[in-house]
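Encoded as structure tokens, the structure appears first; notes follow it.
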Amino acid sequence: MAHAAETSAAVRGSAQLKSTGRKEPRVGFEGWMMAPGLLLLAALSIVPFIALIAMSFSRVRLLGGVKLDLVGLGNWARFFTDADMWLSWLRTIIFFVLTVGLEMVLGIGIALCLFRVLRGRNILLGLLLLPMFAAPSIVGLLGRYLTDSTFGLYAWVLRGLGYSGDILGAPVSAFAAVVLMDVWEWTPLIALITLAGLSSVPQSVREAAAVDGARGWMTLRYILFPAISNVLLVALLIRSMDAIRYFDIIWVTTNGGPADATKIVPVRLYETAFRFFDLGYAAAIGLAMLAFSIFIARTFVRLLDVRGLTR
Amino acid sequence: MSTSMTPPASPMPPETLPGEATRPPVTAAPRGEAQSPLEDSSRRTRWLVTLLIVVALLWTLVPLVWMLMSSFKNAEAVTAATPQFFFSPTLDNYRNLFSGANNLGPYIVHSVLAAGISALLAVGLGALAGYGLARTHMRGKKHLAFWIISTRMAPIAAVVVPLFLIFRGLGLIDSIPGLILAYLTFNLPFAIWLMSAFFAEVPSSLEESALVAGCSRWQAFWMVILPLTKSGLVTTFILCLVFAWNDYAFAVVFSGPSSQTLPIAASQLVTQTGIDWGQLTAIGTIVVVPMMLAGLAVRRWLVTGLTLGAITGE
């Protein structure tokens, strides 16, 4: 690969860098550079994508070799009429709005607080970022330990405050618990991005605002927020697409229970695919989730376009 | 004066509380007696900020510290009805993890191999493709970029289902190569996109002068541009490593006895008969601490990395 690239570049000569792509219809140096990565990516994404579509119209048999039997729209008909499924989507949306919403609010709050701290800000930020690097499955297991009704630290604290139920055992508190575990892990990401945005607002803008008599809330509302609105939008989108990707925390804590209270769509998909081995129906659910994430990706890329960041 | 500009370093002595003397007359004159409450409120804001930061620190660190502490407790202290804040530390949990029937050693090897190799491959291929993507002027570049990013954002659940079928057909279930390929489904597009963002920061005039100096395109890339993006390479590698190391959703479907990773080992301690929380917190510490150190090592570029290059921090 390196060799091919070298010769193709040598043939073309040196000073053509800017005009190469437009003049040459052939695969240029850039094309050769992209080829190995993109070919592998194509194999890893387009093949499964086609398989997913095929599966969603089939009954998948696993015993005695993988086999697809076409069943037409059966899986899709089931998908649109499954009442449990609609409840799962509703729960997913509530979970999504609560986690991402809380993370945005708390993350921006933490960033604004840190922004006022001048000395030791880096150490504080470093400590506050730690949860982000923890494996979500470990976060879930740790959450289970902390909320265990007999020896959990947080359950003990709550008992002191007068609440003594089994946190992961009751629908509402279990839902709240998994939301909070997600919030614990991912709020730092929002804080980190927001703080970067705040730090990039030029000092002169803030000084000008101060001279004009703006202060406190006014500076925030009319100077800082407008200046970092794009940054906040990026944070929101990045977090949104990961929020629909991960479900490890729920999988290891409640596994969708109690009484389906935390059964969001990805959990139901896993259950359908790998407990009941109904891979055709799972594929239909997967495609619907994919459509949602592509919508978010589209928004993300369009936003970058507007800001001229995709070059 | 905006509260954000008051240096919190030296607490203001009480005599200057009214604050008339410290204000420039220009801004002080029109506001008159509004001064005193203002200073009060800036003071209150500072207290509030400190309080909120303390609360945030507690909320963030208590679970982690508790996990670390519990991993050094003996069986009784771990599941004591009243939380034990003082205890005599023991290494029993860690010792038990590495001796006896379910030795953690192989899990660590699987995790290191699967996460490490997938991260290396992702960065290698991602650097090449990212450079190409950053410099190409081909038509349809936007569509290409969009395809790459949407691959990264695809929900894991939607990827796992068809991959499961394909891997089963290819005999890749319960194998390290299978896990590496599975991790590349999210690490490769991430690395391509992020490296492309890092390369785009390097002005292309640098290559032009390298070409004028007689370099080939490859040499210009290898000897001039790549060394300039060393921090980008390291950041991309570490983030890929963290994503793969932390994976649970792929491993729980694709791995078997000869390829199980650390997060799977942790979840296997959860059994019908009970959970050994001492060992579990010990595994948790082993899984979490290296990634935290790695993540903090590239803190300067984290914003760029985690926003896929959309925002460049500091």
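Coordinate-derived values only; no laboratory data. Note that the coordinates shown come from a computational prediction; the quantities given were computed from them, not determined experimentally. Cβ coordinates were reconstructed from backbone atoms using ideal geometry, including for glycine residues, and neighbour counts include every protein chain displayed.
Shown for A:Glu271, B:Glu207: other C-beta atoms within 10 Å of each C-beta, ranked fewest to most, produce the order A:Glu271, B:Glu207.
When the trypsin sites (Lys or Arg not before Pro) in region A:99-163 are filtered for DSSP coil states and for at most 15 other beta-carbon atoms within 10 Å of their beta-carbon, the remaining sites are A:Arg119. In terms of the mean number of neighbouring beta-carbon atoms within 10 Å, the peptides A:79-91, B:184-196 order highest first as B:184-196, A:79-91. Put simply, the C-alpha atoms of the protein assembly as shown give a gyration tensor, and the ellipsoid matching it has half-axes of 40, 37, 23 Å, longest first.
Sorted fewest first by neighbouring Cβ atoms within 10 angstrom, A:Asp166, B:Asp247 come out as A:Asp166, B:Asp247. Counting Lys and Arg as +1 and Asp and Glu as -1 over every other residue whose Cβ lies under 15 Å from the Cβ of A:Arg298, the net charge comes to +2. Summing charges over all other residues whose Cβ lies under 13 Å from the Cβ of B:Phe243, with Lys and Arg as +1 and Asp and Glu as -1, gives -1. One quarter of the surface of the convex hull around the alpha-carbon atoms of region B:137-294 equals 12.7 nm², the direction-averaged projected area.
Ignoring everything except DSSP H segments at least 4 long, calculate the 222 nm mean residue ellipticity for the protein assembly as shown; use -39,500 (n - 2.57) per segment, divide by total residues, nearest 500. Dividing the helical sum by the residues of the protein assembly as shown leaves -21500 deg cm²/dmol.
Place a +1 charge on the Cβ of each Lys and Arg in the protein assembly as shown and a -1 charge on the Cβ of each Asp and Glu, then give the dipole magnitude about the Cα centre in debye, rounded to the nearest 20.
The calculation lands at about 1420 debye.
Per-residue mean of foreign Cβ neighbours for A:240-248 is 5 (Cβ atoms of other chains, 10 Å radius). Note that region A:151-250 carries a Kirkwood radius of 16.7 Å, evaluated over its alpha carbons pair by pair.
Distance from the Cα centroid of region B:108-146 to that of region A:177-245 is 29 Å (rounded to whole angstrom). A cut-off under 12 angstrom between Cβ atoms defines the neighbours of A:Leu237, and their net charge, with Lys, Arg +1 and Asp, Glu -1, is +2. Over chain B, one equal point on each Cα, no solvent: what is log10 I(q)/I(0) by the Debye formula at q = 0.13, 0.15 Å⁻¹? Computed log10 I(q)/I(0) values: -1.02, -1.16.
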